[in-house]
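Participant: If you scroll down you'll find the structure; I have some questions about it.
The values are calculated or read from the model by the stated rules, or taken from the named source; none is laboratory data. Keep in mind that what you see is a predicted model, and the values were worked out from it rather than measured. FYI the Cβ positions are ideal-geometry reconstructions off the backbone, even for glycines, and counts take in every protein chain you see.
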Amino acid sequence: MKINPSQITNLFKNEKDKNGIFLLFGTNNGLIEKTYNEIINKLNVDVQDPFSTIKINGLQLLEQKNILIDEISTFSMMAEHKNIILDLKQINNFQNITPILVDCLKSNVQHFKLIIIANYLKTKDKIVKLIEDHQKGFIIPCYNEDNESLKLKIKNYLLTNKINLDEETFSNLILRLSSDTQLNENVFEKINLILFSNKLSSNLLIDLFEDNFEADVDKMCNYLLCGKFSESLQILDKCFSSKISSILICRKLNIKLKQIEKLLHSKDIGFSFEEALAKSGLKFFFKERQFFYDQFKIWKLSTINILMNKIVETEMKCKLLNDLDYSFLENLFVFVNVQILKNLKKI
């Protein structure tokens, strides 16, 4: 069964649905995290209790193919139901994972709850169809919020909190909303604290959402360097509307490339991704790990150097001909995509 994240609260009104198999996936990391926490709370899962809750990641499952079926088949001595959290966020290719799940879900064992967390999947993927068609299965896609839903969300918030904005300020606020649910909700929490003690000004409201720009530029650069061309262009259009500096974008891209370059130096002398990441000393949020993994596979040092030169050239053009800066950026994005397609043909 397919469930919208907003329906989670109603889902567990039926007691039999609490012993389900839940697959969370999509591009909206913040919404995945929020939905996961809601499920954990509604099912009264104690993630800190090793007797009732078992955590398995994708790499463990690939190395120990029986680990999941063994956990499903054994009863918890301390609780009525066993809770299993299967974290597949590090998995990019599900070809070897799906057969393991097929075997596990043939089991007639009833007393377990299985929560599976993944990143980007398509609704036609085998693993998604497997869970959706299972009698106890629920798939919960968590995709980026579109502009209309973001507008509705901010309108409802302003109305509920009796905040009046002129049309220009409202438009500026919409531009600063992120497609990641959690980023927006973090800002709403800050606003709630300010409303509790002070009067909120329009300028302060806009400033509170300013950090979302930074997060979206980071996401755009990661999408671009992972070969997600159309997704990166969508954010670039938003940056253009929001008047984000083209120079800032060029420099962000350059920072990302230097991070990838560190990993590739280790790759060239035979280090695995995990070894290269540990050796690099890079500081990053956990959700960036998958981006680094994809970039590690796609890029080579020779093409990284070519791209760095292209970014320097683009930045110079943006400075000299400011009115055409986003046209230069679009050309740069196309150039990056062409390089990635060439690299992929050689893999």
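Participant: With the structure loaded, tell me whether Ile140 is more than 21 Å from the chain's Cα centre (by Cα) and among the β-branched types (Val, Ile, Thr) or whether it fails that test.
Facilitator: On the way: more than 21 Å from the chain's Cα centre (by Cα): no; among the β-branched types (Val, Ile, Thr): yes.
Judged against the criteria, Ile140 is not a match.
Participant: Within segment 108-124, how many residues turn out to be under 18 Å from the mean Cα position of the chain (by Cα) and part of a loop (DSSP other than H, G, I, E, B)? Lay out the reasoning, then the answer.
Facilitator: Here is the first cut: in segment 108-124, the ones under 18 Å from the mean Cα position of the chain (by Cα) are 115-123.
Those left that are additionally part of a loop (DSSP other than H, G, I, E, B): 118-123.
The number of residues fulfilling the criteria is 6.
Participant: Would you please name the residue that is surrounded by the fewest Cβ atoms within 10 Å (Cβ to Cβ), looking only at residues in segment 137-194 that are among the small types (Gly, Ala, Ser) and not in a helix (DSSP H, G or I)?
Facilitator: To start, the set of residues in segment 137-194 that are among the small types (Gly, Ala, Ser) comprises 137, 149, 171, 178-179.
Remaining after also requiring not in a helix (DSSP H, G or I): 137, 178-179.
Numbers: Gly137: 20, Ser178: 26, Ser179: 25.
Of everything passing the filter in segment 137-194, Gly137 is surrounded by the fewest Cβ atoms within 10 Å (Cβ to Cβ).
Participant: With Ile244, Ile249, Ile260 as the choices, which residue is in the same structural domain as Lys287 (by TED's automatic domain parsing), in a loop (DSSP other than H, G, I, E, B), buried (at least 19 other Cβ atoms within 10 Å of the Cβ) and not basic (Lys, Arg)? Explain how you work it out, then say what you get.
Facilitator: Values: Ile249 fails: in a loop (DSSP other than H, G, I, E, B); Ile260 fails: in a loop (DSSP other than H, G, I, E, B).
Testing whether each residue is in the same structural domain as Lys287 (by TED's automatic domain parsing), in a loop (DSSP other than H, G, I, E, B), buried (at least 19 other Cβ atoms within 10 Å of the Cβ) and not basic (Lys, Arg) leaves just Ile244.
Participant: For segment 276-299, give me each residue that is under 30 Å from Gly26 (Cβ atoms) and more than 20 Å from the chain's Cα centre (by Cα). Talk me through it step by step, then tell me what you get.
Facilitator: First, the residues of segment 276-299 that are under 30 Å from Gly26 (Cβ atoms): 276-278, 280, 282-299.
Listed by number, the residues that qualify are Ala276, Ala278, Ser280, Trp299.
Participant: Then there is this: Of the residues in segment 21-80, how many are assigned to a loop (DSSP other than H, G, I, E, B), of a type in the set (S, T, N, Q) and without any contact (Cβ under 8 Å) to a residue 60 or more places away in the chain?
Facilitator: First, pick out the residues of segment 21-80 that are assigned to a loop (DSSP other than H, G, I, E, B): 26-28, 43-52, 64-66, 74-80.
Filter once more, keeping what is of a type in the set (S, T, N, Q): 27-28, 44, 48, 52, 64, 66, 74, 76.
Still in the list and also without any contact (Cβ under 8 Å) to a residue 60 or more places away in the chain: 44, 48, 52, 64, 66, 74, 76.
Number satisfying all stated conditions: 7.
Participant: Quick one: would you say Ile255 is of a type in the set (Val, Ile, Thr), out of contact with any His (no Cβ under 6 Å at 6 or more places or on another chain), surrounded by fewer than 21 Cβ atoms within 10 Å (Cβ to Cβ) and more than 17 Å from Phe335 (Cα to Cα)? It would help to see each step written out before you state the result.
Facilitator: On the way: of a type in the set (Val, Ile, Thr): yes; out of contact with any His (no Cβ under 6 Å at 6 or more places or on another chain): yes; surrounded by fewer than 21 Cβ atoms within 10 Å (Cβ to Cβ): yes; more than 17 Å from Phe335 (Cα to Cα): yes.
The answer is yes for Ile255.
Participant: Among the residues of segment 171-182, are any out of contact with any helix residue (DSSP H, G or I) (no Cβ under 9 Å at 6 or more places or on another chain) and either at pLDDT 70 or above or over 27 Å from Ile247 (Cα atoms) (or both)?
Facilitator: For segment 171-182, residues out of contact with any helix residue (DSSP H, G or I) (no Cβ under 9 Å at 6 or more places or on another chain) and either at pLDDT 70 or above or over 27 Å from Ile247 (Cα atoms) (or both): present.
Participant: For residues that are of a type in the set (D, E, K, R) and either under 22 Å from Gln290 (Cβ atoms) or exposed (fewer than 13 other Cβ atoms within 10 Å of the Cβ) (or both), tally how many sit in segment 50-75.
Facilitator: So in segment 50-75, the residues of a type in the set (D, E, K, R) come out as 55, 63, 65, 70-71.
Next cut, either under 22 Å from Gln290 (Cβ atoms) or exposed (fewer than 13 other Cβ atoms within 10 Å of the Cβ) (or both) only: 55, 63, 70.
So the count comes out to 3.
Participant: Can you pull out the residues in segment 287-306 that are closer than 26 Å to Asp180 by Cβ, in contact (Cβ under 8 Å) with a residue 40 or more places away in the chain and assigned to a helix (DSSP H, G or I)? Walk me through it before giving the result.
Facilitator: Taking segment 287-306 and keeping what is closer than 26 Å to Asp180 by Cβ, we get 287-299.
Next cut, in contact (Cβ under 8 Å) with a residue 40 or more places away in the chain only: 287-291, 293-295, 297-299.
Lys287, Glu288, Arg289, Gln290, Phe291, Tyr293, Asp294, Gln295, Lys297, Ile298, listed by residue number.
Participant: Identify all residues within segment 265-308 that are of a type in the set (A, V, I, L, M), over 22 Å from Asn337 (Cα atoms) and either surrounded by 12 or more Cβ atoms within 10 Å (Cβ to Cβ) or touching a strand residue (DSSP E or B) at 6+ places or on another chain (Cβ under 7 Å) (or both); write none if there are none.
Facilitator: Ala276, Leu277, Ala278, Leu282 - these are the residues of segment 265-308 that are of a type in the set (A, V, I, L, M), over 22 Å from Asn337 (Cα atoms) and either surrounded by 12 or more Cβ atoms within 10 Å (Cβ to Cβ) or touching a strand residue (DSSP E or B) at 6+ places or on another chain (Cβ under 7 Å) (or both).
Participant: Considering segment 3-37 alone, what residues qualify as being modelled with pLDDT of 75 or more and among the hydrophobic types (A, V, I, L, M, F, W, C)?
Facilitator: Ile3, Ile8, Leu11, Ile21, Phe22, Leu23, Leu24, Phe25, Leu31, Ile32
Participant: Here's something else I'd like to know. In this structure, does Cys239 turn out to be surrounded by 19 or more Cβ atoms within 10 Å (Cβ to Cβ) and either at pLDDT 90 or above or not assigned by TED's automatic domain parsing to the domain that holds Lys219 (or both)?
Facilitator: Numbers: surrounded by 19 or more Cβ atoms within 10 Å (Cβ to Cβ): yes; either at pLDDT 90 or above or not assigned by TED's automatic domain parsing to the domain that holds Lys219 (or both): no.
So Cys239 fails the test.
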